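Just so it is clear, none of the values below were taken in a lab; they were calculated from the coordinates. In this text, all values refer to a predicted model and were calculated from it rather than measured experimentally. Ideal geometry is used to build each Cβ from the backbone, glycine not excepted, and the neighbour counts take in all protein chains shown.
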Amino acid sequence: MGHETKAPTETTTTLVFSYGTLKRGFSNHVLMQDLIRSGDASFKGVYQTLEKYPLVCGPYRVPFLLNKPGSGQRVTGELYSVSPRGLSRLDELEGISRGHYVRQPIRLAAKEEGGDLETERVSSSCVVEAYYAHKSYEEELWERNRRRSFGAYTEKEARGYVKRNDRPQHLSFLDHIRIFVSSPCD
């Protein structure tokens, strides 16, 4: 009888779509690894949004999903099943109470490895939660990115990412966003 890590019970978990720094290989994945170790999260696979959404970078190359279905591209990310305790830690990281991001539903389709996404059956879709840019700056962020987005946050998009502790501490994250959206495009 091998030691099996107990998966969180399905009824109490929330499925969370991660498209940015929480993904494997990126700076905030340490939190996800911590949650997996404590039994508060489990990896469910690589998925893609059923509809197109804009995925853009804000200040310090921080990724933001904009809640504008139909614009942008289908976004690829990772799906995690998260316990209530894990969810509160993710909400804290994402600044939910501070107006940084909002957690809202998104519809995903399983991304078949090597499969043709266009022929995928819609019946395999599911509704999960995702962290979107807050409405207070979403439109300005879209304009600042010249309405251009990408389909996945990769090492290329993450190049130049600045960790939270390395950013100027006298400004809030929302201040950083306001400065970013009001500055001219490179």
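When the helix-only estimate is applied to the chain (DSSP H runs of n ≥ 4, each -39,500 (n - 2.57), divided by the residue count), what is the mean residue ellipticity at 222 nm, nearest 500 deg cm²/dmol? Please list the in-between numbers first.
Details: 5 runs with 43 residues, N = 186.
Helix contribution divided over all residues of the chain: -6500 deg cm²/dmol.
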Legend entry - For the range 48-59, Karplus couplings with θ = phi - 60° (6.51, -1.76, 1.60), whole Hz, Gly/Pro x: 9, 5, 5, 9, 7, 9, x, 10, 10, 9, x, x
Inset, instruction - Take the range 11-83, drop everything but the C-alpha atoms, weight them equally and run the Debye formula without solvent; then report log10 I(q)/I(0) at 0.20, 0.22 Å⁻¹ to two decimals. - result: -0.88, -1.00
Inset, instruction - Would you please give the residues with an amide H less than 5 Å from that of residue 75, counting only those at least 5 places away or on a separate chain, with H modeled from the backbone geometry? - result: 49, 53
Legend entry - Peptides 163-171, 149-157, 58-66 ordered by average Cβ neighbours within 10 Å, highest first: 58-66, 149-157, 163-171
Inset, instruction - Evaluate 2.2 N^0.38 Å with N set to the residue count of the chain, then give the Cα radius of gyration divided by it. - result: 1.04
Inset, instruction - Calculate the translational D of the range 142-184 in whole µm² s⁻¹ from Stokes-Einstein, where the hydrodynamic radius comes from the Kirkwood formula applied to all Cα pairs, the temperature is 10 °C and the viscosity 1.306 mPa s. - result: 130 µm²/s
Legend entry - Karplus-derived 3J(HN,Hα), 6.51/-1.76/1.60, for each residue of the range 104-110, Hz, glycine and proline x: 9, x, 8, 9, 10, 10, 5
